[in-house]
Amino acid sequence: MKRIFLLLLWLGLQIFGFAQEYGGASDYFGSVLENLNWDGYFYSDDRFGVTSPNKKMMFQEYRLSLKPSVKTRRTAFSSEIWVRSMPGGSITSYTQLSDRKKTFLTDVELREAWFEVYDIFAKGLDLRIGKQRIAWGTADRLNPTDNINPYDLEDIWDFGRHLSSNSAKLTYYKNNFYVSGVFVPAFSPSAAPDMEWMSAFMPEFSMPDEYDFNGINYKLINKSFDDFLLMPDKTIKKSSTMGLRTGLNIGSFNLSASFAHSFDVMPSPSKAHLTDVERVQDKNILSYNLDVELKYPRMNILGFDFAGSLATVGVWGEAALFFPEIIQMAVDMRYMGLNIRVMDSTVIDNKPYLKYVLGLDYTFPHNIYANFQYLHGFFHENGTAGLNDYFVLAADWKVFQEKLKISPFNFCIQVNDWSDLSNEYAWILLPEVTYQPAGGVELTAGARIINGTGSTMFGKLKDKDHVLLKCKISF
Amino acid sequence: MKKNLVLSSLILVFIMIHGVTMGQKDAMQILQNVDNMLNAPKDQSLTVVTYIVDRRGNESTRELTMLQKGSDKRIVKFLAPADQKGIGFLSLPGDNLTLYMPAYRKTRKVGGHVKNTKFAGTDYTYEDMEAKRYTERYDPELIETNNDNWVLELIPKDGIRTDYTKLHMTIRRSDNYPVKIAYFDKAGVMVKTLESSNIQKTGEYWLARQTKMTDLKTKTSTKMEITNVKFDIGINDDVFTERYLMR
């Protein structure tokens, strides 16, 4: 606490120092106000399901983003506020119609708010403090090394979207070299998608379907399921995330290496409680309620990434070596008159595993752009055996001075098991057309067509084909 | 007689070779003068408004700020429209191009393929927007001289990556300013022209306040108008870094 106070005091003195450079506090804050910018955009996103049983409005978001920011010679402030209107649907009685919180679901969210001081201790040293997005990695939206901020999976089609974290970042630059340290004192979890889409990311585990007790074999039947999410203790040691990244430019290449002491994106089951165990109609059947405890495994992650140009082709790659905390699930059967029994079910092994992505892009004649990436290990996958392969192509053709962008062949292919391809695959086709009728106005129409087997992440969503209409007006 | 004929022939060949060499030397000297004139300021800060005109005559605008030091360091940032504000690129020697996309909060080295694509929907390519010295990229030949102008044909030197097979540069004799450049594609067809106008002396330096790039294939054009310019303001080398690009 004393250290935090001293840090705040010292920062105050720094700001006072800058104020003196501007000829006093009033001049400094006058300069700040003079440089205040208000940018933002309005964004609407409507999606309609086209496949039974989901022929309905699947997603709707109307978002106003406000971005007040200030830049002075040695300081910067930046922020983003989302004001959103989302569909409700929680009204169950006539009297609730008078409750505006239920009739109009409006959500105000501070996405980012940070303050940065340049050349703070020494020339080339920048300190940024606040709620900030720390984006690591060079690949296009699929970044295995980007593990400081939690993911924002509210919209699973907005690949790579993260939440910001209350954190401090100190970066030292020298010529084309930099080293950056990041500290996030408190853990915050990734935001999950709507329940309809959650199935794609739900951690899987299996319970025994029979049990031998006093020489009798009982069949076990689950009556209900509930989960308890255990957050890390709020101590700095158990709750914080920290990272170090260094990089440099060599010729036409960016290279960087990183280390992060962070958490897994999704929680893993660590304990299962069987409660309300009852014998069913004098048969050798036991029914039970299942309560599962979930926790966020710790991860140490070594990362490396590069981006550059080979001949005229843009190339990039990222690799992240994960050293996970071992998670073994215990099944608590005390309600059956037994003590805790640790089942032989290692949910996450402590063996390191490697996720990586390789990508290239090229612009063909007539303004046709193609971007291809191969990803091994989606953000929520873990363990060597749990990593799957993804092939992603984004291609567009810009015409009429880039006012019209046609992207008919955007696709993603998922392969879980190359030796059983017919049962372990999924694909998504994401055609889109974007038109800019005026500067700062963008209208997009498109579709997402999903197919695959039920064992794959995207295959679980195969009955959720939809068309979409988006509008974005920037100001 | 035979001796005289041989001697005369040798003299003629000498004059012809010398003449060609002198012609090339003159062309190189002219191009050198162009480079010296364009890159005379130690550094410069420009605010530029671009007007993009489509084939129907509809106009859209962009505003950008550009800082340049010497002949080979340039940083460009968009100020408007709102959806492009903050996008920037850094051009350094050795075909070294870095792009910053604020939406992703990242910089990235971009492949050479980007150089020949249109710059933010304008008729300029990234290559056109790069800081450069023509003498380092092209071999010149003087192809036309008249009272007002020289016309040089510029052929890319070996190892230079460009989509243009040649340029025809019209240079005003009075001040060495390139008033027009015609760009030719691989088929030898003229595909674009760049015209400079409103050429004024600002302080010690000549500057075209307006340039117009016309795409002859798409029949579109982009006019760039310099609304604010400052020369020799002592721009630090630190500005031409990814650190500054992200600010």
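The values are calculated or read from the model by the stated rules, or taken from the named source; none is laboratory data. Keep in mind the model is a prediction, meaning the values are calculated, not measured. Backbone-built Cβ (ideal geometry, glycine too); neighbour counts: all protein chains shown. Each accessible area value is taken on the protein alone, full model and side chains, heavy atoms only, with ligands, DNA and RNA left out. Shrake-Rupley method; radii C 1.70, N 1.55, O 1.52, S 1.80 Å.
Before moving on, here are some points about what is shown:
- Screening residue B:61 on (1) in a strand (DSSP E or B); (2) more than 8 Å from chain A (Cβ to nearest Cβ) shows it passes everything except condition (2).
- Residue within segment A:52-60 that is more than 26 Å from residue A:474 (Cα to Cα), in contact (Cβ under 8 Å) with a residue 24 or more places away in the chain and within 14 Å of chain B (Cβ to nearest Cβ) present: no
- Complete set of residues in segment A:403-449 that are in contact with an Asp or Glu (Cβ under 6 Å, 6 or more places away or on another chain) and more than 14 Å from every other protein chain (Cβ to nearest Cβ): A:407, A:415, A:416, A:417, A:424, A:446, A:449
- Failed condition for residue B:156, given (1) away from chain A (no Cβ under 14 Å); (2) more than 28 Å from residue B:93 (Cβ to Cβ): (2)
- Number of positions in segment B:68-94 that are more than 14 Å from chain A (Cβ to nearest Cβ) and closer than 13 Å to residue B:133 by Cβ: 5
- Conditions (1) surrounded by fewer than 19 Cβ atoms within 10 Å (Cβ to Cβ); (2) within 14 Å of chain A (Cβ to nearest Cβ); number of the one not met by residue B:145: (2)
- Scanning segment A:182-215 for residues that are surrounded by 16 or more Cβ atoms within 10 Å (Cβ to Cβ) and outside any loop (DSSP other than H, G, I, E, B) returns A:182, A:183, A:184, A:197, A:211.
- Pairs linking a residue in segment B:106-124 that is over 12 Å from residue A:307 (Cα atoms) and without any contact (Cβ under 8 Å) to a residue 40 or more places away in the chain to a residue that is surrounded by fewer than 21 Cβ atoms within 10 Å (Cβ to Cβ) and among the polar types (S, T, N, Q), with Cβ atoms under 7 Å and 6 or more positions apart or on different chains, are B:113/A:312; B:117/A:367; B:117/B:125; B:118/A:367; B:118/B:125; B:119/B:125.
- Residue, farthest from residue A:468 (Cα to Cα), within segment A:40-70, restricted to residues that are open to solvent by less than 20 Å² (accessible area, probe 1.4 Å) and of a type in the set (Gly, Ala, Ser): A:40
- Reported count of residues in segment B:193-232, each being within 14 Å of chain A (Cβ to nearest Cβ) and under 30 Å from residue A:252 (Cβ atoms), is 5.
- For segment A:222-269, taking the residues that are part of a loop (DSSP other than H, G, I, E, B) and open to solvent by less than 50 Å² (accessible area, probe 1.4 Å), the one that is nearest to the other protein chains (Cβ to nearest Cβ) is identified as A:252.
- Residue in segment B:193-204 that is open to solvent by less than 20 Å² (accessible area, probe 1.4 Å), part of a strand (DSSP E or B), touching a strand residue (DSSP E or B) at 6+ places or on another chain (Cβ under 9 Å) and closer than 25 Å to residue B:118 by Cα present: yes
- Residue B:156 vs. criteria open to solvent by less than 60 Å² (accessible area, probe 1.4 Å) and under 27 Å from residue A:133 (Cβ atoms): no
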